[in-house]
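Reading through the structure tokens given below for one structure.
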Amino acid sequence: MSNSIFGEKIKSMRLLKGLTIREVAQNAGISHSYLSQIENHRRDTPSPDIVKKIAEGLNADYYDLLRIAGYANTSHSHHGFISKQIKMAPDEFKKEFMGKHDQHLQREIRWRDEMTEKFGYPLDSPEVAVRFPDTFLFNATASDYLKLLRVNKEITIEEMADRLGIDAPSYREAEEENELNYFSEFLLTHSEKLGEIFEVGDFRDWLLTVYTETPNQSFIDAYKPEAFTKEITLLVPSVVKKINKEGNVYFQKYDDEQLKSNFNKLENILSPDHSLSYAGKILSPKDKSRIMQMIDILLDN
């Protein structure tokens, strides 16, 4: 099924970044003809895997493009998915976690365990279930989320290790590593496979989103946006054709310092020569002219 909104969106983003179809396609690892057909509504909506490649080619947000492409899988609806995973956590997992992070419940859990042994039947710990969600969201590390998803999937450590092609002690060490973060070697190596197993896309990307939607900063603090920035070169003409008040044509040449100054001028940014977009729409020369007129009015020029 064709998705014209998706095609228009990626075309607009490509033009805004000053990239050709061939450049984006090469960065994405897909054919330029296929990308062109998507942009021009001649192909069906691409699969999530292709959307991810296009996002990489455009250096754009994968989940934003996924939403525009029409995918509403719960694996990508982060807040609801996280809440469900926390709710699904087995009682033993909750007790273990609360025993580490809530001193009052540590005593409560120990007492109930003692009474369970004394009376011969288990005593429930309702406080654990009530207080667990908030405690988890405030205190969970990346390794805690790793264990949470594994336990909820009912996958043993040995099975996880086998799927990842590593030995069980190495996987166990990763789950117990409290300093596991965005740049940890374990996640750099296994993030894609972990995401496939847990059905959350790329595991590192998923975790990054988790920590932007929860009070915990331990994982996101290790994320350095500058590590993912790309330098883009823009060509600025050093000689510009102009017309004076008398209608005579002349050419003005700028030195390096003047070019740097011109680059930051709003009237230069809104030049007809530059492709700009607003709210997903490419601005026409008429749009830019109207913007300049409004700015003049606002600034009383």
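Quick notes on this one:
- Considering only residues in the stretch 70-102 that are part of a loop (DSSP other than H, G, I, E, B) and of a type in the set (S, T, Y), the one that is modelled with the highest pLDDT turns out to be Y71.
- Matching residues, the stretch 15-29, being within 19 Å of P48 (Cα to Cα) and either over 21 Å from the mean Cα position of the chain (by Cα) or not in a loop (DSSP other than H, G, I, E, B) (or both): V24, A25, Q26, N27, A28
- Selection within the stretch 167-179 - in contact (Cβ under 8 Å) with a residue 24 or more places away in the chain and either touching a Gly at 6+ places or on another chain (Cβ under 6 Å) or not charged (D, E, K, R) (or both): A174, N178
- Qualifying residue in the stretch 180-198 (condition: acidic (D, E) and either farther than 30 Å from A55 by Cα or touching a residue at least 60 places away in the same chain (Cβ under 8 Å) (or both)): no
- Within the stretch 268-297, no residue that is acidic (D, E) and exposed (fewer than 12 other Cβ atoms within 10 Å of the Cβ) sits with its Cβ atom under 7 Å from a residue that is in a strand (DSSP E or B) and modelled with pLDDT under 75 at 6+ positions apart or across chains.
- For D61, the requirement of being under 14 Å from the mean Cα position of the chain (by Cα), free of Cβ contacts under 8 Å to residues at least 24 places away in the same chain, farther than 13 Å from R14 by Cβ and not assigned by TED's automatic domain parsing to the domain that holds D202 is met.
- Residue count for the stretch 170-180 satisfying the condition of being surrounded by fewer than 20 Cβ atoms within 10 Å (Cβ to Cβ) and not in a helix (DSSP H, G or I): 3.
- Meets criteria (modelled with pLDDT under 80 and assigned by TED's automatic domain parsing to the domain that holds K9) for L105: no
- The stretch 186-240: number of residues that are at pLDDT 80 or above and surrounded by fewer than 10 Cβ atoms within 10 Å (Cβ to Cβ): 1
The values are calculated or read from the model by the stated rules, or taken from the named source; none is laboratory data. The model shown is predicted, which means the values in this text are computed figures rather than measured ones. Note that each Cβ is placed from the backbone with ideal geometry, even for glycine, and that neighbours are counted across all protein chains shown.
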